[in-house]
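This report concerns only the one structure given below.
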Amino acid sequence: MANLGATFDATTIDPAKPYEVLPPGKYVVQIVSSEMRPTKDGAGQYLWIEIDVIEGEHAGRKLFDRLNLVNANPQTVEIAQRTLSAICHATGRMQVRDSEELHLVPLIADVTVQPPKNGYGESNKVRYLPLDRAAAPARATASRATPPQTAAPMRPAEGGFTSVPWKQAR
């Protein structure tokens with residue numbers, strides 16, 4: 001048993017809501033955090049990306065992506081590298097040494113919904129496109145979101161990646 005110290009009154013705080021996928025569509029977003037993380041088996045690494053929707057009715061919602069940049073399967077690495085390349089092209093940052101260089105640059109996330117698999121519910125899949133203001137998705141006229149103030153992104157070591165994972169020998 002754990003003593004909470006004082007009486008907790010759940011009527012004063014909204015309960016946590018279950019995760020809901022974003023509806024399919026194109027959203028103006030920005031990457032707000034990223035870090036290299038080990039894969040579940042410990043044999044590889046993926047670039048974990050946190051993305052904020054910054055405009056429209058879903059402003060404030062989050063998306064997440066994982067790019068398996070260090071993996072024994074060359075096809076997996078190629079898919080991750082192509083996705084990272086799409087992010088670089090969408091942000092206009094063609095040569096990056098640190099994922100933080102991709103943060104806080106508006107781009108378009110073309111979001112689809114993937115059906116449940118492996119015991120998990122529906123999930124969002126994201127394609128990254130450059131932001132073309134002339135062709136940007138319709139936005140709420142009265143609410144343009146201000147980019148959130150976020151803590152500095154977490155990285156594996158001071159100064160960025162411990163190595164450049166997308167250039168490692170396979």
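The values are calculated or read from the model by the stated rules, or taken from the named source; none is laboratory data. All values derive from a computational prediction rather than experimental measurement. Cβ coordinates were reconstructed from backbone atoms using ideal geometry, including for glycine residues, and neighbour counts include every protein chain displayed.
Some notes on this structure:
- Of the criteria (1) within 24 Å of ASP110 (Cβ to Cβ); (2) surrounded by 15 or more Cβ atoms within 10 Å (Cβ to Cβ); (3) modelled with pLDDT of 95 or more, which one VAL21 fails: (3)
- Members of the stretch 51-74 that are within 18 Å of VAL32 (Cα to Cα) and not aliphatic (A, V, I, L, M): ASP52, GLU55, GLY56, HIS58, GLY60, ARG61, LYS62, PHE64, ASP65, ARG66
- Lone qualifier among VAL96, VAL77 - being β-branched (Val, Ile, Thr) and within 25 Å of PRO116 (Cα to Cα): VAL77
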